[in-house]
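Beneath this line is the structure, given in structure tokens, with notes to follow.
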Amino acid sequence: MKHPVKLCMVILFLAHNANLVAQESLTYQLPPKEIIELVDAPSVPSVDVNPRGTVMLLLEGRELPTIEDLATEELRIAGMRIDPATNGPSRAGYSTGIKIMDTDGKNEKTVSGLPENPKIRNLRWSPDGQKAAFTNTLINGIELWYIDIPSARAHRLSGGVLNDVMGNSFAWLSDSHTLLYTAIPESRGNFPVKPSVPTGPIVQENLGRRAAVRTFQDLINNKYDEDLFDYYSTVQLTSVNLGGETTKLGKPAIISSFSTSPDGNYILVNIIRRPYSYIVPYGRFPFTAEIWNRKGEMVHLLADIPLAENIPSGSGAVREGRRNFSWRADEPATIYWVEALDKGDPANQAEFRDQVFYLKAPFTSQPVEGVKTQLRFTGITWGKKDFAIVTEMWMRDRKAILSFFDPEKPMATKKVVFDRSMEDRYNNPGTFETTWNQYGRSVLLFDSRGRNLYLSGQGASPEGDRPFIDEFDIRTLKTKRLWRSEAPNYENPSTILDINKGLVLTRRESVIDRPNFFIRNLKTGRITQVTYFPDPFPQLREIKKEVIHYMRNDGVPLSGELYLPAGYRTEDGPLPAILWAYPREFKSTDAAGQVSGSPYTFTRVSPSSVIMLVTQGYAVLNNASFPIVGEGDAEPNDTFIEQLVANAEAAIDKIVEMGVADRNRIAVSGHSYGAFMTANLLSHSSIFAAGIARSGAYNRTLTPFGFQAEDRNYWEAPEIYFRISPFSYADKMKTPLLLIHGEADNNSGTFPIQSERYYAALQGHGAVTRLVMLPHESHGYVARESILHMFWEYVNWLNNYVKNRK
């Protein structure tokens, strides 16, 4: 008989060593150099055209941030992530330089006078198009600057006093000489001190009312968080002219948003007030909607909105009372808003769901009743005094309606123009083009006679996307095609420069030609190149890209983008492969089978794209179609698992049939809902050699009030929540699964604990699995070190369990 003490010591030793194997203290690793070069490829400038269509700014991008950048202090509160040093959003992207050129490509200039090592954000044109303002982020604050376009010179308007935590830090007035901005109050005082000893428990109470909300992150959790929210969110609204003269408007307050009337005489201000909520972000806190004059005096109280914790559940649910306050773009100072006629509850039956109301300056009369919508109101595009467009939609049946109406006689003139399924891409008529009016506001673009509007869209078709521009006669409701993108190029309208002359700025590319901007003459067909951006990925020129089409076992057409290594030939034999996808819900089989994307686009990769794995000898099936259909009374998730597997089997059969992939060496990967897909595929099939799931949710009972397009809550459909949760089937996992998650994930539903608990469940059942938590990363990974290490994990995992699979 063995000595019991010695036996216990052996067991403890083995348990200790098992733990050592399970836990790795790992520094950031580097993937192969081919991937490093792609991750470090220079960014291409973005383009911003002025309201007159005469000048454009080229915004030069920055390199990826470092993990040191991400490691700076960050406050997560009330649904926001704040950089306390700057009083702005944490981890915000920015530009590092600006050039100016005419839209015909001439007179290119580098803007002079910019701050040293600028971090440029929030670029906004003045209404006259002769200036452009922006913010510059310092180490300890945010400044306001503007560019004088004729001289191509930048000027500073303020020190580092802007408060941009809510993303609404400044706005131009219609005179193009004055701006309003939110400043840190001079009287803000000292930073709140966190109590070392609690003064009592944190108590929440519900007295019978329903508060069914989806899962949110970064919420207020205690009294100290409330004090922090007050401290960082309170602002002083200030006006400044281009000469630098400033005037304070009103008293310091928590201004969640503000906007000026088109004529510049009034300001719509939304002011948050207590009580705050511990279950919803600041966008649902109580607030007052006020109209101020230019002196900062309130001239009208539009609404006093209570805390919105108990909005009805389901798609199309809104709060009762006034909502969506905004200025009419076509009038000097008319405010409008929307009110629910069905109490905001999609379960209620109603002839009309919403109604618009108007109120003109000086805001002393009664509100005027405006247009009503049968579905939920989604927006108005203003045109002229007697013409506007209203859009409405209903998510449950994917229905969308667009109507013309006369704002003076809304219901007598309302005319339905498009009544269609939102899912039907092939019959999508496009979006009506807009232009800037005399107030610098966006209004419908008419021809010189006021008879025609203009539509542009992606032009989805069985052969792929073919963007277009149509002329639309508002009297006959008929369209005339002016132009459509033609093979072998993919050309997308960017800005209509002069519709009467037929001049349009487009972004044109092909499989071999990198994207650049051109001026296209719709009347003559002539095109003139404007920009000459270099190829950021010359090392990908020789890879082969093809849009492939195949069929699911129930007849649903599917497609995907297939990438093959440079120089590869099918006679070389099948390759190891990886499939990347993201499931999407549909109510129509026809819509689910429609082709998206284009076979004529240039190959470009984001820093975290799996397309980079083509450099490592893998065939990559990117953006594979993964429709989940629930027609009629059925819901998509009723057969979620079966449809996932059918989608994957069809994709695998296709690439194996083509001779490019080895059926026994195929991996699957996805991000967020694609990670959820990946884990489910490995749990319910044996068709993949391995999987990699990034930042997913794996236990749907942790998102009990709905997720993605699922409106039913857990108590209405517990069997669905259980069945489509990979966590429920951790004991069935037989395929190696790599889990990657950002430690600071802020996405609703994909809390880091989802991956941690799923890994623990898999580990408990002896699965081959690995969990990688990326420090300081949110839902999307941005630090160079994180992205490079992620690819190191990818390459090692795939080489071990896919490429070199025995």
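Expressed as a whole number of Å, what is the distance separating the alpha-carbon centroids of segment 326-370 and segment 516-540?
44 Å
Using +1 at the Cβ of each Lys and Arg and -1 at the Cβ of each Asp and Glu in the chain, identify which of THR86, ALA308, GLN130 lies farthest towards the dipole's positive end.
Value: GLN130.
Quote to one decimal, in nm, the extra length available between ASN241 and SER315 on full extension: 0.36 nm per residue of separation minus the C-alpha distance between them.
In short, 22.2 nm is gained.
What ³J(HN,Hα) values, in whole Hz, does the Karplus curve 6.51 cos²θ - 1.76 cosθ + 1.60 give for segment 664-678 when θ = phi - 60°, with x put for Gly and Pro?
Values, residue by residue: 8, 9, 10, 10, 10, 8, x, 10, 6, 5, x, 5, 4, 4, 4 Hz.
Counting only other residues whose beta carbon sits under 12 Å from that of ALA388, what net charge do I get with K and R as +1, D and E as -1?
On the way: positive: ARG328, LYS384, LYS385, LYS409, LYS414, LYS415; negative: ASP330, GLU331, ASP386, ASP406, GLU408.
Spelling it out: positives minus negatives among the neighbours equals +1.
Output the Cα-based Rg and Dmax of segment 396-491 in Å, rounding Rg to one decimal and Dmax to a whole number.
In order Rg, Dmax, the Cα atoms of segment 396-491 give 15.1, 48 Å.
Roughly speaking, to the nearest percent, how much of the chain's 1.4 Å accessible area is carbon and sulfur?
49 percent
Amide H neighbours of GLY113 under 5 Å, at least 5 residues apart or on other chains, H built in the peptide plane: list them.
Sorted by chain and number, the residues that satisfy this are ALA154.
Which order do GLU290, GLU642 take by accessible area at a 1.4 Å probe, largest first?
Descending order: GLU642, GLU290.
What does the charge count near SER43 come to, summing +1 for each Lys or Arg and -1 for each Asp or Glu among other residues with Cβ under 9 Å from its Cβ?
-1
I want to verify the translational diffusion coefficient of segment 323-368 in µm²/s; compute it with Stokes-Einstein, Rh as the Kirkwood radius over Cα pairs, at 10 °C and 1.306 mPa s.
D, rounded to a whole number, is 135 µm²/s.
For segment 322-451, restrict the atom set to alpha-carbon positions and state the Rg and Dmax in Å.
Looking at segment 322-451, its Cα Rg and Dmax stand at 15.2, 48 Å.
Mind ranking 44-57, 133-146 by how tightly packed they are, going by the mean number of other C-beta atoms within 10 angstrom, highest first?
133-146, 44-57
Which of LEU162, ASN140, THR199 sits closest to the plus end of the dipole of segment 138-199, meaning its Cα is farthest towards the positive end, when Lys and Arg get +1 and Asp and Glu get -1 on the C-beta?
Towards the positive end, the residue furthest out is THR199.
Evaluate the charge dipole of segment 313-366 about its Cα centre and quote only its size in Debye, nearest 20, assuming +1 on the Cβ of each Lys and Arg and -1 on the Cβ of each Asp and Glu.
It comes to approximately 180 debye.
State the percent of C-alpha pairs, over all pairs in segment 703-786, separated by a distance greater than 17 angstrom. Could the numbers behind the result be given before it?
Details: 1954 of 3486 pairs.
Result: 56 percent of Cα pairs exceed 17 Å.
Per-residue HN-Hα couplings for segment 315-331, Karplus 6.51 cos²θ - 1.76 cosθ + 1.60 at θ = phi - 60°, whole Hz, x for Gly and Pro?
4, x, 7, 9, 7, 6, x, 6, 8, 6, 6, 7, 8, 5, 6, 9, 10
Using only the alpha carbon atoms of segment 534-640, find the Kirkwood hydrodynamic radius as the inverse mean reciprocal pair distance, in angstroms to one decimal. Intermediate values should be presented prior to the final figure.
Details: mean 1/r = 0.0649 Å⁻¹.
Taking the inverse mean of 1/r over all distinct Cα pairs, segment 534-640 comes out at 15.4 Å.
What does the charge count near ARG451 come to, summing +1 for each Lys or Arg and -1 for each Asp or Glu among other residues with Cβ under 14 Å from its Cβ? Don't jump to the answer; show the numbers that get you there.
Working: positive: LYS384, ARG449, ARG475, LYS478, LYS480; negative: ASP386, ASP447, GLU471, ASP473.
Neighbourhood net charge equals +1.
Nearest 500 deg cm²/dmol is fine: what mean residue ellipticity at 222 nm does the chain get from its DSSP H runs of n ≥ 4 alone, each adding -39,500 (n - 2.57), divided by its residue count?
Computed mean residue ellipticity for the chain: -4000 deg cm²/dmol.
Tell me, what is a quarter of the convex hull surface for the C-alpha atoms of the chain, in nm² with one decimal?
Mean shadow area of the hull around the Cα atoms is 39.5 nm².
Can you quote the Å³ per residue value for the convex hull of the Cα atoms in segment 438-559, rounded to an integer?
170 Å³
In whole Å, what is the distance between the alpha-carbon centres of segment 430-476 and segment 599-621?
34 Å
Note down the magnitude of the dipole of the chain about its Cα centre, charges +1 on Lys and Arg C-beta and -1 on Asp and Glu C-beta and zero elsewhere, to the nearest 20 debye.
380 debye
For segment 395-457, with only Lys/Arg (+1) and Asp/Glu (-1) charged at the beta-carbon, what is the dipole magnitude about the Cα centre, in debye rounded to 20?
So the magnitude is around 100 debye.
Put +1 on the Cβ of every Lys and Arg and -1 on every Asp and Glu Cβ in segment 557-646; which of VAL620, VAL605, SER559 then has its Cα farthest towards the positive end of the dipole?
Positive-end residue among those listed: VAL605.
Can you give the Rg/Rh ratio of segment 511-560, where Rg is from the C-alpha atoms and Rh is the Kirkwood radius?
Details: Rg = 17.7 Å, Rh = 14.7 Å.
With Rh from the inverse mean 1/r over Cα pairs, Rg/Rh is 1.21.
Segment 278-361: percent of C-alpha pairs farther apart than 16 Å?
So the pairs more than 16 Å apart make up 61 percent of the total in segment 278-361.
What accessible area per residue comes out for the chain, rounded to a whole number of Å², with a 1.4 Å probe?
45 Å²
Filter the trypsin sites (Lys or Arg not before Pro) in segment 453-490 to those in DSSP coil with at most 14 other Cβ atoms within 10 Å of their Cβ, and list the result.
Numbers: sites: ARG475, LYS478, LYS480, ARG481, ARG484; in loops: ARG475, LYS478.
Hits after loop and neighbour filter: ARG475, LYS478.
Using 0.36 nm per residue, how much length does the chain from LYS734 to ASN140 gain when fully extended, once their Cα-Cα distance is taken away? Each step should come with its number before you reach the end.
Working: separation 594, 0.36 × 594 = 213.84 nm, distance 5.14 nm.
That works out to 208.7 nm of additional length.
Report, please, the projected area of segment 129-263 averaged over directions, based on the convex hull of its C-alpha atoms, in nm².
Directional mean of the projected Cα hull area for segment 129-263 stands at 12.6 nm².
The values are calculated or read from the model by the stated rules, or taken from the named source; none is laboratory data. Owing to the predicted nature of the structure, the values given are computational and were not obtained by experimental measurement. All Cβ positions, even for glycine, are placed from backbone atoms using ideal geometry, and neighbour counts span all protein chains on display. Protein only, heavy atoms only, side chains kept; ligands, DNA and RNA dropped before computing areas. Shrake-Rupley method; radii C 1.70, N 1.55, O 1.52, S 1.80 Å.
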